[in-house]
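Working notes, beginning with the structure itself.
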Amino acid sequence: MSTTVEEKRGGRKSARERLLETANRLFYAEGVQTVGIDRILDESGVAKASLYKTFGSKEALIGAYLHGRHEGTVARLTAAIEAVEDPRERILAVFDVQARTFAEPDFNGCAFIEASAEASEGSVIDQAAVEFRSWIREMFVRLAEGAGAADPKRLARQLHALYDGGIITARMDHDPAIAADTRAAAAALVDTARA
């Protein structure tokens with residue numbers, strides 16, 4: 001019987017789960033370049049051989065961390081959007097999610113912006129950031145179409161710029177209240193685009 005099966009039967013998390021939880025906590029708080037593999041191993045209680053057997057490299061672990069962040073954001077935004085019927089309010093629900101996120105005590109900005117700051121083009125980090133940003137853009141296009149915008153792609157670009165700007169302002173200025181301003185700006189953009 002493998003260790004992973006034994007760990008799960010005993011209620012203990014698998015090596016993969018412990019590595020990802022530790023990487024998520026440390027990478028998000030301190031950055032993917034700053035945190036070394038030895039620290040992740042030490043804090044997760046996982047052997048180096050298990051790390052390399054499970055992920056193969058630090059870069060692959062970073063990719064898995066970013067994939068998890070992507071899935072979490074998609075789940076939160078999708079749930080908020082689907083909970084609202086009015087097309088205008090569906091767009092604003094995205095900014096409501098941001099407001100809640102900015103108010104969290106461990107908010108540290110966008111994991112993709114932070115990770116890609118030093119990433120080379122075409123790297124795992126770059127690819128994960130491109131995939132995430134594409135999803136956000138496409139979400140805004142769909143929402144803009146649903147709201148009846150005359151030019152959905154233009155409105156989507158504007159909303160995406162607000163979304164990113166809110167994150168950067170909340171992080172850099174330690175100002176979670178910016179969410180109210182970005183929501184108000186988004187509402188004005190939507191109303192103008194629908195007029």
Shape category assigned to segment 23-101 from the gyration tensor of Cα positions, a/c cut at 1.5: prolate
Would you work out the relative contact order for segment 91-195, in percent, from Cα pairs under 8 angstrom that are 6 or more residues apart? 35 percent
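Would you mind estimating how fast segment 65-194 diffuses translationally, via Stokes-Einstein at 10 °C and 1.306 mPa s with the Kirkwood radius over Cα pairs, in µm²/s? Walk me through the numbers before you get to the answer.
Values: Rh = 15.0 Å.
Here the translational diffusion coefficient equals 106 µm²/s.
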Run the numbers on the chain and let me know its relative contact order in percent, using alpha-carbon pairs under 8 Å that are six or more apart. 19 percent
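As a test of the formula, what do you get for the chain when each DSSP H run with n ≥ 4 contributes -39,500 (n - 2.57) and the sum is divided by the residue count, at 222 nm and rounded to the nearest 500 deg cm²/dmol?
-24500 deg cm²/dmol
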In whole angstrom, how long is each semi-axis of the equivalent ellipsoid of segment 118-174, when you take the square root of 5 times every eigenvalue of its Cα gyration tensor and sort them from largest down? 24, 17, 7
Compute the distance in nm between two label points, each set 7 Å from the Cα along the Cα-to-Cβ direction, one at Ile37 and one at Glu138. 3.3 nm
Given R₀ = 25 Å, what would the calculated FRET efficiency be for Asp191 paired with Ala83, taking r from the Cβ atoms and rounding to 0.05? 0.70
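Readers should treat all values here as calculations from the given coordinates under stated rules, not as data from a laboratory. Keep in mind that what you see is a predicted model, and the values were worked out from it rather than measured. We place every Cβ from the backbone using ideal geometry, glycine too, and count neighbours over all the protein chains shown.
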